[in-house]
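Step one of this worksheet: look at the structure below.
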Amino acid sequence: MHLRSSRRVRAVLGGALALALALTGCSASEQEFSYTPPKQVDGALPDDVTGQLQAAVEQAMAASGSSGAIVGVWVPWSGQWVAGLGTQGPDGPEVTADMSFRVADVTRMMTCDVLYGMADDGKVKLDAPVPKYVSGVADLTDITLLDLCNGTSGVGSSEATVKEYWLNTPGREWAPMQLASFGLGSSRGPAHTAYRDSDAGYLMLGTALERISGRSASELIAKYVTTPLELSSTSLPSPRSAPPTPAPALKGTYLPPAEGGGVDCAAPIDITESSSSIGYTDSGVVSTITDLGRYTQAEARQALRKKNAEPARFAAPLPASSKAPSWYQATGGAFLVGSMIGQQGWVPGYATAAYSDPATGFTVAVTLNGSTAGSSPAAYLAWQLAAIASKSPAAEGQAAPDFGLPFTAEQYGQTIADTAICPAAGE
């Protein structure tokens with residue numbers, strides 16, 4: 001009698017577990033996933049290194065017309081620096097490191113995470129043709145879902161056409177394919193053999209993944225990215241116009257044109273509230289600096305992939321452009337900068353960049369609260385911060401790895417100064 005009761009209890013518990021897994025949309029194997037970041041020295045970076053990092057961020061803020069920035073630098077063998085700098089506008093309160101912001105094109109990596117996760121689960125084939133899942137693109141019969149992820153579809157970008165709409169009506173809700181249509185209507189580049197920066201490609205990829213799964217892109221990113229990595233402050237919000245969440249949010253701004261040319265650096269316009277549909281699965285995600293650092297570190301190491309899963313996502317990168325240095329490549333929704341893997345981009349109000357070295361866990365992430373100059377200031381700043389922090393000495397009892405970068409901090413400090421849209425103090 002006792003044995004039959006035990007069997008009955010086990011059956012009931014097993015059924016309850018199966019029901020719980022079904023309701024959450026997770027398999028038993030997904031429930032068992034866990035992520036352990038690389039070991040990190042629990043302490044601050046040396047004062048002289050922190051001083052150099054802060055000076056670099058302040059220079060980039062001034063050059064880009066940003067009043068504030070949030071930055072995280074994690075050097076596993078030396079220490080870390082996580083800080084908010086500047087203010088929420090010319091007369092606003094101080095920026096703090098816990099504020100949320102829009103991560104822009106970092107979203108592309110998450111969208112590709114979903115594609116690879118679904119492929120690893122046997123729910124889709126990477127080489128599935130785009131028209132099978134996306135309507136109105138019959139001319140893309142030789143383009144695959146993997147092409148959309150890798151940026152090798154040849155499709156153009158919508159950004160240049162719709163940028164003014166984003167700035168003037170930030171609360172407008174866009175249908176993904178309506179937004180993608182501007183990129184689809186531009187001239188095509190070579191497919192399969194060359195990388196092309198295409199927001200339309202990631203908008204189409206998100207649309208396809210929703211159709212295949214029957215779930216929203218927000219639910220898919222939660223299932224395949226934020227939940228397994230325990231990114232509690234990261235999400236793809238609903239398209240309703242709102243500031244980034246969770247509160248408090250970093251105030252996002254852009255600069256209006258100035259009489260006589262250029263921009264009015266003294267009159268930033270608040271664009272903190274906007275619709276995530278502006279970016280959707282290309283650039284719509286919001287996060288915090290600690291979540292962004294944790295995500296980028298895990299992404300570089302491909303922690304979300306099943307063990308020994310093929311194909312290797314970053315194994316065959318292409319030049320980021322015809323003029324790019326040999327160490328700057330792209331594939332898998334990411335850029336490869338030397339040994340680091342990450343992304344950079346802008347959305348109205350914010351410019352964000354984040355990179356990590358898969359071998360060491362060395363990670364930098366930064367957001368500026370001014371988007372007028374596009375993504376370049378955030379990218380150059382992330383690379384400059386990486387060059388500075390890579391030389392940080394090992395803490396007591398630690399050993400610095402053989403880690404280097406193919407550029408210098410001085411190089412990108414000068415680039416930021418040369419491409420400034422606002423004058424330096426005293427000019």
task: Kindly indicate whether residue 250 is over 19 Å from residue 91 (Cα atoms) and either touching a residue at least 40 places away in the same chain (Cβ under 8 Å) or within 17 Å of the chain's Cα centre (by Cα) (or both).
output: no
message: Please count how many residues of the range 85-121 are assigned to a helix (DSSP H, G or I) and in contact (Cβ under 8 Å) with a residue 12 or more places away in the chain.
response: 14
- prompt: Considering only the range 353-401, how many residues are over 23 Å from residue 324 (Cβ atoms) and charged (D, E, K, R)?
  reply: 2
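Criterion first (in contact with a His (Cβ under 9 Å, 6 or more places away or on another chain) and either surrounded by fewer than 23 Cβ atoms within 10 Å (Cβ to Cβ) or over 18 Å from residue 183 (Cβ atoms) (or both)) does residue 154 satisfy it? Let's see the steps before the verdict.
Values: in contact with a His (Cβ under 9 Å, 6 or more places away or on another chain): yes; either surrounded by fewer than 23 Cβ atoms within 10 Å (Cβ to Cβ) or over 18 Å from residue 183 (Cβ atoms) (or both): yes.
So residue 154 fits the description; yes.
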message: Testing residue 181 on (1) surrounded by fewer than 14 Cβ atoms within 10 Å (Cβ to Cβ); (2) of a type outside the set (A, V, I, L, M, F, W, C); (3) in contact with a Ser or Thr (Cβ under 8 Å, 6 or more places away or on another chain), one condition comes back false. Which one is that?
response: (1)
statement: Only one of 374, 345 is touching a strand residue (DSSP E or B) at 6+ places or on another chain (Cβ under 9 Å) and closer than 17 Å to residue 328 by Cα, namely 345
- prompt: So which strands (runs of 3 or more DSSP E) stay within the range 240-358 end to end and still have 2 or more residues that are surrounded by fewer than 24 Cβ atoms within 10 Å (Cβ to Cβ)?
  reply: 328-331
task: Hey, could you check the range 402-415 for residues that are over 19 Å from residue 326 (Cβ atoms) and free of Cβ contacts under 8 Å to residues at least 60 places away in the same chain and say which is surrounded by the most Cβ atoms within 10 Å (Cβ to Cβ)?
output: 414
query: Given 124, 162, 75, 134, which one is in contact with a Phe, Trp or Tyr (Cβ under 7 Å, 6 or more places away or on another chain), more than 19 Å from residue 195 (Cβ to Cβ), buried (at least 17 other Cβ atoms within 10 Å of the Cβ) and touching a residue at least 60 places away in the same chain (Cβ under 8 Å)?
result: 75
- request: Kindly indicate whether any position in the range 51-58 is within 21 Å of residue 373 (Cβ to Cβ), over 19 Å from the mean Cα position of the chain (by Cα) and assigned to a loop (DSSP other than H, G, I, E, B).
  value: no
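Can you name the residue in the range 379-394 that is of a type in the set (A, V, I, L, M, F, W, C) and touching a Phe, Trp or Tyr at 6+ places or on another chain (Cβ under 7 Å) and is also nearest to residue 359 (Cα to Cα) among such residues? Show your work before the answer.
Just the residues of the range 379-394 that are of a type in the set (A, V, I, L, M, F, W, C), to begin with: 379, 381-383, 385-389, 394.
In the following step, the residues that additionally are touching a Phe, Trp or Tyr at 6+ places or on another chain (Cβ under 7 Å) were identified as 382-383, 386-387, 394.
Values: 382: 18, 383: 17, 386: 15, 387: 16, 394: 16 Å.
Restricting to residues being of a type in the set (A, V, I, L, M, F, W, C) and touching a Phe, Trp or Tyr at 6+ places or on another chain (Cβ under 7 Å), the top hit is 386.
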message: Take the residues in the range 320-351 that are out of contact with any Pro (no Cβ under 6 Å at 6 or more places or on another chain) and aromatic (Phe, Trp, Tyr); name whichever of them is farthest from residue 252 (Cα to Cα).
response: 328
message: For the range 59-72: of the residues being hydrophobic (A, V, I, L, M, F, W, C) and part of a helix (DSSP H, G or I), which is surrounded by the fewest Cβ atoms within 10 Å (Cβ to Cβ)?
response: 62
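Read-outs: derived from the displayed coordinates by stated rules, not from any lab. What you see is a predicted model; the values in this text were computed from it and never measured. Don't worry about glycine lacking a Cβ; one is built from the backbone with ideal geometry, like all the others, and counts go over all protein chains shown.
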